[in-house]
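Participant: Got a structure here, written out as structure tokens. Questions coming.
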Amino acid sequence: MNSSPPDAQPPIVLNLASDGELLKEYVIESREHLNNIEQGALFLEEHPQDADTLHSVFRSFHTFKGGAGFLNLVPINQLAHGLESLLDLARQHKLTLDAERIDLILRGRDMLKQFIDQIDAQLTGAAPPAPILIPIGDFGREIQAAMTGESKASSASPAPEATAAAVPAAAATVKVETSKLDSLVDMVGELVIAQSLVTQDFIAEAAANPRLARNLAQMARVTRDLQRVSLSLRMVPIQGVFQKMTRVVRDLAARQDKEVQLLTEGDQTELDRNLVEELADPLLHMIRNAVDHGIESAAARAAQGKPRAGLIRLRARHQGGGIVVELQDDGQGLDKERILAKAVEQGLAAPGAKLSDEEIFHFIFAPGFSTAREVTDLSGRGVGLDVVRRNIERLRGRVEVSSAPGQGTLFKLVLPLTLAIIDGLIVTVGGQRYIIPTLLVRESFRPRREMISTLQGRGELVNLRGRLIPMLRLGEQFGVQPAAGSPAEGIIVVVQTGASLKGLLVDGLSHRQEVVIKNVGQMIRQRNASIAGAAILGDGRVGLIIDVNALGSLPAALGERTANN
Amino acid sequence: MKAQDCSIARTPSAARPGKYLTFVLGGESYGIGILQVREIIRPTAITPVPQMPPHIQGVINLRGKIIPVLDLRARFGLAAPAANDRSCIVVVQVKTTESAGMLTGLLVDAVEEVISLADKDIEATPEFGCRLDTRHLLGIAKVGPTVKILLDLDRILGDEMRAQV
């Protein structure tokens, strides 16, 4: 085995025709290893002696190398080999992984990723077949230097027999197409409905027949468990996203010469796989904002008597059928007066309007709020935050922000656990049932006549403990004749849209139910934007899910901003 | 409905020989290509959707899938007859540019039979000038003494997808 890294680097020429399938598998496998290497390296930065992680990163490089050798991807093979040797010395305690060496590993990993990305691009046809050449430069020598730092040269290249014994402790997992999972969830949903119909049919008999009653109860239990399990198949820990952020903070802080520490909590909190993927982007944006503009320079912090290193906390936890992700920095915080002044200037708020802190902070999510601003010491705060809000709202979640000058800012994302299911409040209007996502419901109450006032031609308002919020008659919106003749006979459901509230007048509340969200199709969707989807209710019928943000064009008066203006 | 220019020459019939499912709508007999038919179900509870035109009846639960149901009578401006026990929903799957194979239910008065049509049975849709919108017809088939109107489902459903509100 040649352990000296190469100087002249041959390009990789892929033989897509004969190796296509193998390469595909190699790419998929490699991505997992790249992930593992990155996470491992970051962990080793804090705990350089952790034997398990050392082994695991070593094994990843080793497998990387093996596959590359088999597929004749020479530069990858050599690169992985060099890094593997470095890890091997570390796990034999012949050297310690200091920051420089960790950096080397991460850089090596990034180069490997570039190779894999390019191979992937050619496999998927995104890039034309061409020789792949990624300049490695002096990297080989750097590894060599890093290895000789403390030990006797690179003679300690790993013995293949020894590594063969290190069987990868791969978790027993199976990859399944999501469409199969979806149809499983569909079927189980139907099974639950069928089961409840059968149980209903036999209620009378079951009372007289304990055996039947027992069997029905057993069937109900098994069906419920089956549903729970089938829904949990899509759940993964949020860990992956958090780890990505660790790397981002590390790199950003280094680039800006700031000292920033990221603490994560609740890595194991599980949520829908799709959601994890969709969450990565907005979170990245917010992390960037926090490092860029939230955390001050070390000198400025020291001058304020704060610790030199800024602290960013990333927390995830389950709460009330949803998930809460919090991003908290201990930086300079938001400047309330400046934001309000800017909002007034841009016509987002009426001059002299009395707004709560929350409402003022919410202006940073307005589209274009930051770009057209001259205020410089807020610079960047708000860049792309409208995109963050839109993304989160698309995921049927909401963003809350609070901040104290000099003490930092807290962003709180409240999200459903999954995109596939919502906890819905089922309301009735004139014999029809509609579903409102419970996450958006603040409260509901029966209004008294005097709580409702009409503004001529500008819609109705309801007085909610001194705060006037717009009221929408759902029946009127949907062209359904409500059973309740006057609002005082109905119920008002207060829903949150952005920073403002809306009251929806319905006939009554039916119940709360977890429903699997289904697409209603384009034919419906393009004609009525306020239908977010549909779900199958307990009796097998379809209930429509209301998109409260799109519902009704509201009177733009009274300082209540809506999604439409 | 868009105003049509009467002077434009019509494209000739696109109906191909093959098997067609025929059904009754307002006393007339219609046919659709059998390959587009997925199943025929008994009328089930239709959930009306707000702000839809009259011919979109609503949505139904087809074994866990949610599909829209069209009332072709309303679509073609035929009078709605009293509901009868032969009514059913024909579930069709049509590939459009907007979606690959979306399921749609068609409410019909009664399903008749599956017929085989040869080239000689099919005639192009006659010209009616501007009095009749024939864009959604593939052609006319003669089966013995009766006439079946062959529908262009691709176009009917494709138009539904693109409809501007």
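Participant: Mind checking which residues of region A:87-139 are of a type in the set (Gly, Ala, Ser) and without any contact (Cβ under 8 Å) to a residue 12 or more places away in the chain?
Facilitator: Result: A:Ala121, A:Gly125, A:Ala126, A:Ala127, A:Ala130, A:Gly137.
Participant: Let me ask you something else. Search region A:186-245 for residues being of a type in the set (D, E, K, R) and within 14 Å of chain B (Cβ to nearest Cβ), and hand back the single one that is nearest to A:Asp272 (Cα to Cα).
Facilitator: Among them, the one singled out is A:Asp186.
Participant: OK, next. Within region A:291-327, which residues are under 17 Å from the mean Cα position of the chain (by Cα), of a type in the set (A, V, I, L, M) and at pLDDT below 90?
Facilitator: Matches in region A:291-327: A:Ile323 only.
Participant: Identify the single condition in (1) at pLDDT 80 or above; (2) surrounded by fewer than 21 Cβ atoms within 10 Å (Cβ to Cβ) that A:Asp88 does not satisfy, given that it satisfies every other one.
Facilitator: Condition (2) is where A:Asp88 drops out.
Participant: Could you tell me how many of the residues in region A:524-559 are at pLDDT below 85, within 12 Å of chain B (Cβ to nearest Cβ) and more than 14 Å from A:Ile435 (Cα to Cα)?
Facilitator: Of the residues in that region, 9 qualify.
Participant: Please pick out the residue among B:Arg75, B:Arg16 that is within 16 Å of B:Leu137 (Cα to Cα), under 13 Å from the mean Cα position of the chain (by Cα) and at pLDDT below 90.
Facilitator: Criteria check complete, one pass: B:Arg75.
Participant: Within region A:113-147, how many residues turn out to be part of a helix (DSSP H, G or I) and either under 12 Å from A:Gly82 (Cα atoms) or of a type in the set (Gly, Ala, Ser) (or both)?
Facilitator: Qualifying residue count, region A:113-147: 10.
Participant: Being at pLDDT below 85 and more than 10 Å from chain A (Cβ to nearest Cβ), is that true of even one residue in region B:99-117?
Facilitator: Within region B:99-117 (the criterion being at pLDDT below 85 and more than 10 Å from chain A (Cβ to nearest Cβ)), the answer is yes, since at least one residue qualifies.
Participant: Okay, next question. Report those helices (runs of 4 or more DSSP H) wholly inside region A:218-307 carrying at least 1 residues which are touching a residue at least 60 places away in the same chain (Cβ under 8 Å) and surrounded by 15 or more Cβ atoms within 10 Å (Cβ to Cβ).
Facilitator: Passing ranges, in order: A:239-256, A:273-289.
Participant: Next question. Determine, yes or no, whether A:Val516 is of a type in the set (A, V, I, L, M, F, W, C), within 28 Å of the chain's Cα centre (by Cα) and either closer than 22 Å to B:Gln57 by Cβ or surrounded by 18 or more Cβ atoms within 10 Å (Cβ to Cβ) (or both).
Facilitator: On the way: of a type in the set (A, V, I, L, M, F, W, C): yes; within 28 Å of the chain's Cα centre (by Cα): yes; either closer than 22 Å to B:Gln57 by Cβ or surrounded by 18 or more Cβ atoms within 10 Å (Cβ to Cβ) (or both): yes.
When the stated conditions are applied, A:Val516 passes them.
Participant: If you check every pair at least six apart or on different chains, which have Cβ atoms under 8 Å apart with a residue in region A:65-83 that is touching a residue at least 12 places away in the same chain (Cβ under 8 Å) first and a residue that is of a type in the set (D, E, K, R) and assigned to a helix (DSSP H, G or I) second?
Facilitator: Close Cβ pairs (under 8 Å, with a partner that is of a type in the set (D, E, K, R) and assigned to a helix (DSSP H, G or I)) amount to A:Lys65/A:Glu84; A:Gly67/A:Glu29; A:Leu71/A:Asp19; A:Ile76/A:Lys65; A:Asn77/A:Lys65; A:Ala80/A:Lys65; A:His81/A:Lys65; A:Leu83/A:Arg109.
Participant: Take the conditions out of contact with any strand residue (DSSP E or B) (no Cβ under 9 Å at 6 or more places or on another chain) and either at pLDDT 80 or above or within 14 Å of chain B (Cβ to nearest Cβ) (or both) and apply them to A:Glu476. Does it pass?
Facilitator: no
Participant: Given the condition crowded, with 18+ Cβ neighbours inside 10 Å and assigned to a loop (DSSP other than H, G, I, E, B), answer yes or no: does some residue in region A:94-109 qualify?
Facilitator: Checking region A:94-109: at least one residue is crowded, with 18+ Cβ neighbours inside 10 Å and assigned to a loop (DSSP other than H, G, I, E, B).
Participant: Can you run down the residue pairs with Cβ atoms below 7 Å, 6 or more apart or on separate chains, where the first is in region B:35-52 and more than 14 Å from chain A (Cβ to nearest Cβ) and the partner is part of a helix (DSSP H, G or I) and surrounded by 19 or more Cβ atoms within 10 Å (Cβ to Cβ)?
Facilitator: B:Gln36/B:Leu153
The values are calculated or read from the model by the stated rules, or taken from the named source; none is laboratory data. Here the structure is a predicted model, which means the values were calculated and not measured. Ideal geometry is used to build each Cβ from the backbone, glycine not excepted, and the neighbour counts take in all protein chains shown.
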